[in-house]
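Worksheet: the structure to be examined is printed underneath.
The values are calculated or read from the model by the stated rules, or taken from the named source; none is laboratory data. These numbers come from a predicted model, not from an experiment. Glycine also receives a Cβ, built like all others from the backbone with ideal geometry; neighbour counts cover every protein chain displayed.
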Ligand code: ADP
Ligand code: MG
């Protein structure tokens, strides 16, 4: 004797109430197959739950990517390591998988002149970490400093810093563009001190530490900030020619070569005439 079917409308309501949209979408098809192929009840239940979990993980990663403000085009796949032989690909790949360094709140520092690929490399590590399930925020340092300053003015600095705690990694892009005369940059020190040995930072800067006296309000704070940042850190020095300039000059020399080939061909044509 077969048991009566459960009311489909009520099932849909309950799945909605329980926020199980994937099961809500898939169950009619799965139930039909299960009835036809005589699945065990546990197999049907397991298959539906696995799909719900997989979809949930995918949606979570999409949310993390959206909140990160990372440029979607700056990934490891689009980063050419052959241009920066001083950067170990194996080391970058190890960082990109997260784990130990994020657990201890370590720091990555990327130095080098403009156009060398600092922001691209930092973003690429960020994307890989999001794929691995971590939460990342990419921000220009000056922008974050302004936000933290505004928070301090309205006596909200501790809660603003606490909100940033949800990110396993904050990428502070272009730290050396921050100038102490433009802003009250001690908030940047507070962020560094707050995250020290707990939550990671990745910092890109045109100027190595020697130039950071221009960033913090006083030399003591500069030393204290650097001391914390280097304690558990990986430093990449990308002293290469600007990628932008290099590709521009490649294009130019290709055009020049093309022009001279055209001239030669023209010349050859003229000669055979
Ligand atoms: P930086 O932050 O050091 O000023 P960027 O990361 O903004 O430099 O790089 C400048 C431009 O060159 C970007 O469009 C970036 O994608 C590209 N670029 C730099 N280095 C590389 C690289 N190694 N492989 C691919 N693209 C690169
Ligand atoms: Mg940059």
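Looking for whichever is modelled with pLDDT of 90 or more, within 16 Å of ligand 1 (Cβ to nearest atom) and crowded, with 17+ Cβ neighbours inside 10 Å here; the options are 175, 229, 191. Which one fits?
Criteria check complete, one pass: 175.
On inspection, residue 126 qualifies as surrounded by 18 or more Cβ atoms within 10 Å (Cβ to Cβ), under 20 Å from residue 61 (Cβ atoms), within 16 Å of ligand 1 (Cβ to nearest atom) and touching a residue at least 24 places away in the same chain (Cβ under 8 Å).
Do we have residue 60 as farther than 25 Å from residue 239 by Cα, more than 16 Å from ligand 1 (Cβ to nearest atom) and not in a helix (DSSP H, G or I) here? Here the answer is no, as residue 60 does not meet what is asked.
Residue count for region 41-66, restricted to those that are exposed (fewer than 14 other Cβ atoms within 10 Å of the Cβ) and out of contact with any helix residue (DSSP H, G or I) (no Cβ under 9 Å at 6 or more places or on another chain): 10. Cβ separations smaller than 7 Å between residues 6+ apart or across chains give the following pairs from region 143-158 residues that are closer than 10 Å to residue 188 by Cα to residues that are surrounded by fewer than 17 Cβ atoms within 10 Å (Cβ to Cβ): 149/184.
Could we say that residue 69 is at pLDDT 95 or above and either closer than 14 Å to residue 130 by Cα or within 16 Å of ligand 1 (Cβ to nearest atom) (or both) here? Before the answer, list the steps.
On the way: at pLDDT 95 or above: yes; either closer than 14 Å to residue 130 by Cα or within 16 Å of ligand 1 (Cβ to nearest atom) (or both): yes.
Against the criterion (at pLDDT 95 or above and either closer than 14 Å to residue 130 by Cα or within 16 Å of ligand 1 (Cβ to nearest atom) (or both)), residue 69 qualifies.
Return yes or no: is residue 69 within 15 Å of the chain's Cα centre (by Cα) and within 16 Å of ligand 2 (Cβ to nearest atom)? So residue 69 fits the description; yes.
The single condition from (1) within 18 Å of residue 139 (Cα to Cα); (2) touching a residue at least 24 places away in the same chain (Cβ under 8 Å); (3) within 16 Å of ligand 1 (Cβ to nearest atom) that residue 79 fails is (1).
When 240, 223 are checked against the criterion of being part of a loop (DSSP other than H, G, I, E, B), farther than 22 Å from residue 99 by Cβ and either modelled with pLDDT under 95 or more than 15 Å from ligand 2 (Cβ to nearest atom) (or both), 240 stands alone in meeting it.
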